[in-house]
Amino acid sequence: MKLVLFGATGMVGSRIATEASARGHQVLAVSRSGRSPVPGVTATAADATDPAKVAEVARGADAVASACVPPRDGSDPRGPFLALNEALVAGVRAAGVGRLLVVGGAGGLEVAPGQALSDQPGFPEAYLPEAHAHRDVLAYYRALDDGPDDGLDWTYVSPAAEIAPGTRTGRFRVDGDQFMTDDQGRSLISAEDYAVAFVDELERHEHPRTRMSVAY
């Protein structure tokens, strides 16, 4: 399978590139720098906010994935991050690619029906802008299904609340909108195992046009 991966040099993106490449998929790693996150993986420079450039690099792919993150420069990330995803969708559509997988956030996961994690007392204030940006983007993807069906099949993949470099075990749980914790009440996933779940979804296509979540 040919995968075009935007945001490929970040913590999560580089591990998705590693996992997909190790499984024999053809990965084009796309970032502003144009450097390859994994030896042997083809890389190119492109701006995900430019729909024409997205279409140019995505044309001919079986799927496009985005590991892009909201701006972390202290500004309000909601508008810019939504605009990036709108540009990404426009470019993927123009390229004629039917599948888009998106690295999501954990803040919008539900601790109870209709109750998001980021709305709970004690949620770290420093993470609220990014959580809200991700929630806006998920709402945008869900709204795509209310319009004309143009064949764009998206999946939004939320990690656990804590995601960091670690070990690839291949053992984790997958759910939908639910916030998952372990026996100690912690919500954890390594970036390596998140990448396993992400590439599993790329291959198995089990969560079309919905959110899935991944945690230990």
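Placing pseudo-labels 7 Å out from each Cα toward the beta carbon at Asp150 and Ala90 gives an inter-label distance of 1.0 nm.
Run the Debye formula on the Cα coordinates of region 1-41, all scatterers equal and no solvent, and tell me log10 I(q)/I(0) at q = 0.16, 0.18, 0.32 1/Å. At q = 0.16, 0.18, 0.32 Å⁻¹ the computed log10 ratios are -0.29, -0.36, -1.17.
Expressed as a whole percent, the accessible surface of the chain that belongs to carbon and sulfur atoms is 49, based on a 1.4 Å probe.
Does region 88-216 classify as rounded, prolate or oblate by the C-alpha gyration tensor (a ≥ b ≥ c root eigenvalues; a/c under 1.5 gives rounded; else a/b over b/c gives prolate, otherwise oblate)?
Values: a/c = 2.05, a/b = 1.35, b/c = 1.52.
Oblate shape, in that a/c is at least 1.5 and b/c is the bigger or equal ratio.
GNM on the chain, alpha-carbon springs under 10 angstrom: the most fluctuating residue among Glu203, Glu110, Glu192 is Glu203.
Taking a ≥ b ≥ c as the square roots of the eigenvalues of the alpha-carbon gyration tensor, region 58-163 is classed prolate because a/c is 1.5 or more and a/b outweighs b/c. In the chain, a dipole from Cβ-located charges (positive for Lys and Arg, negative for Asp and Glu) runs towards its positive end, and of Pro80, Gly98, Val214 it is Gly98 whose Cα lies farthest in that direction. Rolling a 1.4 Å probe over the heavy atoms of the protein chains gives region 102-216 an accessible area of 48 Å² per residue.
With the Cα gyration tensor of region 1-99 giving a ≥ b ≥ c as the square roots of its eigenvalues, does the rule (a/c under 1.5 for rounded; else a/b larger than b/c for prolate; else oblate) give rounded, prolate or oblate?
Since a/c reaches 1.5 but b/c is at least a/b, the shape of region 1-99 is classed as oblate.
Across the chain, the mean sequence separation of Cα contacts (distance under 8 Å, 6 or more residues apart), normalised by length, yields a relative contact order of 19 percent. Put a plus charge on the Cβ of each Lys and Arg, a minus charge on the Cβ of each Asp and Glu, and nothing anywhere else: the dipole of the chain about its Cα centre is then about 660 debye. Given +1 at the Cβ of Lys and Arg, -1 at the Cβ of Asp and Glu and no other charges, the dipole of region 112-198 around its Cα centre is 360 debye to the nearest 20.
If you roll a 1.4 Å probe over the heavy atoms of the protein chains, what accessible area per residue do you get for region 1-85, in Å²? Could you put the intermediate results ahead of the total?
Values: 3730 Å² over 85 residues.
Per residue, region 1-85 has an accessible area of 44 Å².
Summarise the long-distance tail of P(r) for the chain by giving the % of C-alpha pairs beyond 30 Å.
16
Simple point charges give the picture: +1 on the Cβ of Lys and Arg, -1 on the Cβ of Asp and Glu, and for region 84-153 a dipole about the Cα centre of about 160 debye.
The values are calculated or read from the model by the stated rules, or taken from the named source; none is laboratory data. Everything numeric here is computed off the predicted structure, so don't read it as measured data. No Cβ is skipped: glycine too gets one built from the backbone with ideal geometry, and neighbour counts run over all protein chains shown. Just so you know, the surface numbers come from the protein's heavy atoms only, side chains and all, with ligands and any DNA or RNA stripped out. Shrake-Rupley method; radii C 1.70, N 1.55, O 1.52, S 1.80 Å.
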